[in-house]
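J.: Here you go, one structure.
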């Protein structure tokens, strides 16, 4: 059994606790570690790090974790800890990740990886120069619905893909009548909030990995709800965008459009859905489900608003079987990264890929500000410029 010490910074938040700690690291420990091809196993040994001692102590007790600390530098100085993980708020992330790279730790972190493209690219370049293994969370690629969709793409089911249309979002309560489901910093631009920053980082890796590289973006943002109430029940001005309407040009002439909003009431099967239309068939994929309509079984729709339409369009789609129930999306990627550190198996989702998400978010905001299409340049290591940097 190989033990790997992991510094987990910022997991006292909702997502950090549920997805990265409870459903990933704790779940891996409870299953007896990560099995390697040799038959050996890797066991993660976390140390919880943060600023709030009481939260850390409570979390450690709840999950029977022996190690916790408020001193990041001390944790980084301990050679027992091989990996640094960061799920802090965006404005704090790059500074801590850089410290970890300086300490020769392998790094794995949430996105965005920086507040600007320059900051995100500098981290990717620094990790490359130091020779540390590095990765960025790209969880949606491992959701059951998108795994089914990827299988369809790879099988050639669609023929030539024409377009991708996505809807993401739900109503986040303002906090006055009902408690908000998201922390207030999400709606403060000065604290790294905003849905363009949050979601375009996701859409970059989803589009790149499933359909083709993003070549250009046109984005319109909005702050539909100008006032919200914080965790202390005090009203505050929302300074960050809460909705984004984005169109992307992909390789091969594919057009993708995705609406992202925290101000929309849901009338769809899942909180996130993608419809993909191709010459030989279409598919609608959500977080878990995926339905298809092949060319041969596509009904003939006739536009005639003067009579009732006898087609029941929802019933004319077929379920795509899962065949094998996948594990938690975050846990799958954690296991991949632990294997990457332990035995060097491939891990393509590195800090350079994270920088691509930061790039797209910055270009999306610039598109909104300038009210025009923006080309997306190719990113490579050693491609650091101090000009034209888009802050997210």
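The values are calculated or read from the model by the stated rules, or taken from the named source; none is laboratory data. These numbers were taken from a predicted model, which means no experiment stands behind them. Methodologically, a virtual Cβ is constructed for each residue, glycine included, from the backbone with ideal geometry; neighbour enumeration extends over all protein chains shown.
J.: Within region 305-326, count every residue that is surrounded by fewer than 15 Cβ atoms within 10 Å (Cβ to Cβ), under 14 Å from residue 288 (Cα atoms) and at pLDDT 90 or above.
T.: 2
J.: May I ask you to list the residues in region 182-204 that are surrounded by 20 or more Cβ atoms within 10 Å (Cβ to Cβ) and either free of Cβ contacts under 8 Å to residues at least 12 places away in the same chain or under 15 Å from residue 231 (Cα atoms) (or both)? Can you show your working first?
T.: At the first step, the residues of region 182-204 found to be surrounded by 20 or more Cβ atoms within 10 Å (Cβ to Cβ) are 186-187, 192-204.
Within region 182-204, 186, 187 meet the criteria.
J.: Given the criterion touching a strand residue (DSSP E or B) at 6+ places or on another chain (Cβ under 8 Å) and modelled with pLDDT under 95, identify the matching residue among 115, 49, 107.
T.: Values: 49 fails: modelled with pLDDT under 95; 107 fails: modelled with pLDDT under 95.
Just a single option satisfies the conditions, and that option is 115.
J.: Step by step: first the residues of region 142-175, then only those that are touching a helix residue (DSSP H, G or I) at 6+ places or on another chain (Cβ under 7 Å) and not in a strand (DSSP E or B), then the one that is farthest from residue 228 (Cα to Cα). Which residue is that?
T.: Within region 142-175, the match that is farthest from residue 228 (Cα to Cα) is 158.
J.: Just give me the residues in region 256-281 being under 22 Å from the mean Cα position of the chain (by Cα), outside any loop (DSSP other than H, G, I, E, B) and over 20 Å from residue 140 (Cα atoms), in sequence order.
T.: 263
J.: Right, something else. With the requirement that a residue be surrounded by fewer than 18 Cβ atoms within 10 Å (Cβ to Cβ) and either touching a residue at least 24 places away in the same chain (Cβ under 8 Å) or not assigned by TED's automatic domain parsing to the domain that holds residue 57 (or both), what does region 23-37 give you?
T.: Going residue by residue through region 23-37, those that are surrounded by fewer than 18 Cβ atoms within 10 Å (Cβ to Cβ) are 23, 27, 29-32, 35-37.
Passing the criteria: 23, 27, 36, 37.
J.: Look through 70, 90 and report the one residue that is modelled with pLDDT under 95 and either in contact with a helix residue (DSSP H, G or I) (Cβ under 7 Å, 6 or more places away or on another chain) or surrounded by 21 or more Cβ atoms within 10 Å (Cβ to Cβ) (or both). Give the steps one after another, and end with the answer.
T.: Details: 70 fails: modelled with pLDDT under 95.
Being modelled with pLDDT under 95 and either in contact with a helix residue (DSSP H, G or I) (Cβ under 7 Å, 6 or more places away or on another chain) or surrounded by 21 or more Cβ atoms within 10 Å (Cβ to Cβ) (or both) holds for just one of 70, 90, which is 90.
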